[in-house]
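A quick write-up on the structure given underneath.
The values are calculated or read from the model by the stated rules, or taken from the named source; none is laboratory data. Treat the numbers as computed from the prediction; the structure is a model and nothing was measured. Methodologically, a virtual Cβ is constructed for each residue, glycine included, from the backbone with ideal geometry; neighbour enumeration extends over all protein chains shown.
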């Protein structure tokens, strides 16, 4: 590959290198009859496309929310103060990125760098709050949907009689922090089960039925999933295919969950729980036991607050995840504008760097704007 | 990959001295990681043509199964070869139903997203648009390169999906949920049909359906980057004097196509992300509550809506239909004006029609969904808009037809394809009008009638336009003409066999043959019992299949011609077709930067046979035609 090495050396000097015998016009100055330079038009077109992308996702939100049965769309689950703080941070960063651009226009490079650094820090704080606090919290929270037919058994935690009297939507989900689970290990591979219990540091609280039924103290819902997935050999003499008559399948049967209830289930008839509150509720002292046969979807409708838990969390994680990727992309671009490459560009052609910052700033405002829609539809409505 | 892009022209005539920047680009930079719009256009073109032929091969395999259901594929040992590579999909050379479904889904996907869009839109658009508007390159050359690379990755992802356990996607190119969610779901068993034993498990991500979605995400990204580039280029880089109404019609077609891609593709990207979440993260965007699959409750939260996928998909896929055809109409307009030696009839009306068409294409999508039970009121709305959209389409076709009137037509090879395009596109369009009506569509939906209808638009429509474009612009790209005799052979056999494929499908469709029958309808009395025009439904399958294989053979002269003419074709002058548009004032092939001198435009795009002019064509860049300026006084050239 002749020439390949030459290229890799030259790559560090992009502005002069790329077009040796041609110049693309209107990269920096505006074309007189359109009044635009290329990248500015380009970014607006790109943003139009982005509007359609998030439009598609938001229309998914609307479709799912309107299609959800009464009582299956949660309210007030997210931490509104934290969300408000993130909103403020993002709006602040939108201001500072304009200040950075204005500083460049006024040829004040140091101020530009300060404002740009603040913007980057704001973006990082936003992402950190999202990834280190808001998302992980969801994965340790637990919820199980009760079959509507047997909801009366759990009336103390659901309070449906009270809700119906008040003309509010019924409630079918019990949420909280998972403390203990009761399993039947009759079909499980004992060695595999023991290894798992040791590896995850689970504590056996109670043993019943000749050691077949165990009650275990668990740390998070992922422990329950791991226990359920322990394999065992299940035989099915009715299977027509002899190769499949005995097969490996889930060998542990979960019998019941015991959880520390959220305030909303601990005290379901309290008028304070009728509408979402600004300050999130803490966990209560109360616990509840949910039996597997009462859980909806043939005992499958339980999980942590992960994407598969419900339509709400599916669309929550998808939209905030995609929005987070956009924030990350913006932060990376801004970081590029702080590198020596950009300082050199400023020395050569300050207007060029200002234009770049303007384009990235427009993108940043768009990302901010998306959040302005995301925040109310998930946190407040 | 074989344009001899020498830069000697530019060097010699510019007389610039760029010092140490002045060097011959190496192979990788020149042909693989190129930022030159012409090289990228050729990359798109060659890759796209290969995919087009590959997609066609998938269809030829399906046609064997349809004509000779359940028989071993005995053609030249092909069946044994396939059995070797696809032991679970083609055991002993006999196609399994799953493999048939894979071929069907991938034929649609590859033809639409990896064949026609890259060739008709990206390849011709990249190569021709900057030349026709007098620009040195695209506005964002690096993004242009990234666009091709994203396309390439998407294409490779699609190809890889053939070789993963479970095979390629098999839920149709529409990937309807919940079928697409439960097909090959992660963790499912792959069973060898011969031994009936579990041979492997479907991987979380490396299964056909998930790879299909990932591939789509790459392809969507590619067309997003491409369309931003196209629109900016057309708006910003027009040469001085190139006013909007002086743009060649092809550029208008590309502009509208870009807008459609820009705005219609993202909702599918959103939908793809949701379907990916459904498959990988176990969410239920498109899965209803209480879904039973194979007698077992599907363990998802439910609460989703299968209809949501269809809305998001068709919101893309209907504009996509126009993405497929508009570049084709643009190519045909260029070829027709050039070979009738007269201006395009109703240029302004055509421009208005194509703009209206672009707008209307966003509000007709649900006519693909009459059968879903979305309600009579919604259907009535979309029925009305669908009928309205036929008006601009008819304006375009009529203007092209009338353009022939009174012209001194030269039947060059591109013109042969262009003249064939018009009636064939007309058949496709007119057979679509009954489908716009809810009541008729309920009967014809998902029959071979639909297949015939839209293939008449994209196969003898767009693909013929692609051929016309290749023959027409080949001398510009390579400096040599393609062989005329081989071109005529290619055309006449193609036109016969392509009609042999699709015309009988109208008959089959009206008989009631469903488009997805694996055995060609053998097990249904409606097809084998009833005789129309001397053949029963299954016998028509033989006619269609043989036409398809012979159509494949008819492409061999083209493939040979394409490569042979690069070195051995007749040398072409700068303007071999005596054309007026700007690309014919650049050297052939154009150097990096395109024009020796930045062109200035003085007149409209189609000044052929102007009374009193010195020749029968007056190029746009020619300031003096020997006659007084009339319609368009030259604007002040825009200054940098």
message: Name the single residue that is farthest from the other protein chains (Cβ to nearest Cβ) among those in region B:22-53 being outside any loop (DSSP other than H, G, I, E, B), surrounded by 17 or more Cβ atoms within 10 Å (Cβ to Cβ) and free of Cβ contacts under 8 Å to residues at least 60 places away in the same chain.
response: B:39
- prompt: Do the conditions hold for residue B:342, that is, is it away from chain A (no Cβ under 14 Å), assigned to a loop (DSSP other than H, G, I, E, B) and under 29 Å from the mean Cα position of the chain (by Cα)?
  reply: yes
Members of region B:601-640 that are at pLDDT 90 or above and within 14 Å of another protein chain (Cβ to nearest Cβ): B:601
task: Residue by residue through region B:370-394, note down the ones that are under 19 Å from residue B:320 (Cβ atoms) and surrounded by 19 or more Cβ atoms within 10 Å (Cβ to Cβ).
output: B:370, B:382, B:386, B:389, B:392, B:393
- request: Please work out if residue A:91 is crowded, with 18+ Cβ neighbours inside 10 Å and either more than 10 Å from chain B (Cβ to nearest Cβ) or at pLDDT 95 or above (or both).
  value: no
- prompt: Does residue A:314 satisfy being free of Cβ contacts under 8 Å to residues at least 60 places away in the same chain, within 14 Å of chain B (Cβ to nearest Cβ) and either closer than 30 Å to residue A:264 by Cα or not in a loop (DSSP other than H, G, I, E, B) (or both)?
  reply: no
- request: For residues that are in contact (Cβ under 8 Å) with a residue 12 or more places away in the chain and either loosely packed, with under 13 Cβ neighbours inside 10 Å or not assigned by TED's automatic domain parsing to the domain that holds residue A:259 (or both), tally how many sit in region A:149-176.
  value: 1
- line: In region B:256-289, anything more than 8 Å from every other protein chain (Cβ to nearest Cβ) and assigned to a loop (DSSP other than H, G, I, E, B) is listed as B:286, B:287, B:288
- request: Kindly indicate whether any position in region B:70-91 is free of Cβ contacts under 8 Å to residues at least 24 places away in the same chain, on the phi > 0 side of the Ramachandran plot, touching a helix residue (DSSP H, G or I) at 6+ places or on another chain (Cβ under 7 Å) and not in a loop (DSSP other than H, G, I, E, B).
  value: no
message: Can you tell me which residue is modelled with the lowest pLDDT among those in region B:496-537 that are in a loop (DSSP other than H, G, I, E, B) and exposed (fewer than 15 other Cβ atoms within 10 Å of the Cβ)?
response: B:529
query: Do we have residue A:186 as assigned by TED's automatic domain parsing to the domain that holds residue A:282 and surrounded by fewer than 15 Cβ atoms within 10 Å (Cβ to Cβ) here?
result: yes
field: Residue in region A:31-48 that is surrounded by 19 or more Cβ atoms within 10 Å (Cβ to Cβ), within 9 Å of another protein chain (Cβ to nearest Cβ) and outside any helix (DSSP H, G or I) present
entry: yes
- request: Would you mention how many residues in region A:189-209 are closer than 12 Å to residue A:231 by Cα and surrounded by fewer than 11 Cβ atoms within 10 Å (Cβ to Cβ)?
  value: 1
task: For region A:322-338, state whether one or more residues are surrounded by 22 or more Cβ atoms within 10 Å (Cβ to Cβ), touching a helix residue (DSSP H, G or I) at 6+ places or on another chain (Cβ under 9 Å), within 27 Å of residue A:86 (Cα to Cα) and within 9 Å of chain B (Cβ to nearest Cβ).
output: no
message: Just checking, does region A:278-297 include any residue being on the phi > 0 side of the Ramachandran plot and assigned by TED's automatic domain parsing to the domain that holds residue A:227?
response: yes
query: Could you count how many residues in region B:224-252 are within 13 Å of residue A:46 (Cβ to Cβ) and more than 10 Å from chain A (Cβ to nearest Cβ)?
result: 1
Where residue B:301 falls short, out of the listed (1) facing chain A (nearest Cβ under 8 Å); (2) surrounded by fewer than 24 Cβ atoms within 10 Å (Cβ to Cβ); (3) within 30 Å of residue A:72 (Cα to Cα): (2)
field: residue B:317 vs. criteria surrounded by fewer than 21 Cβ atoms within 10 Å (Cβ to Cβ), in a helix (DSSP H, G or I) and in contact (Cβ under 8 Å) with a residue 60 or more places away in the chain
entry: yes
- line: (1) away from chain A (no Cβ under 14 Å); (2) in contact (Cβ under 8 Å) with a residue 40 or more places away in the chain; (3) buried (at least 21 other Cβ atoms within 10 Å of the Cβ) all hold for residue B:309 apart from (1)
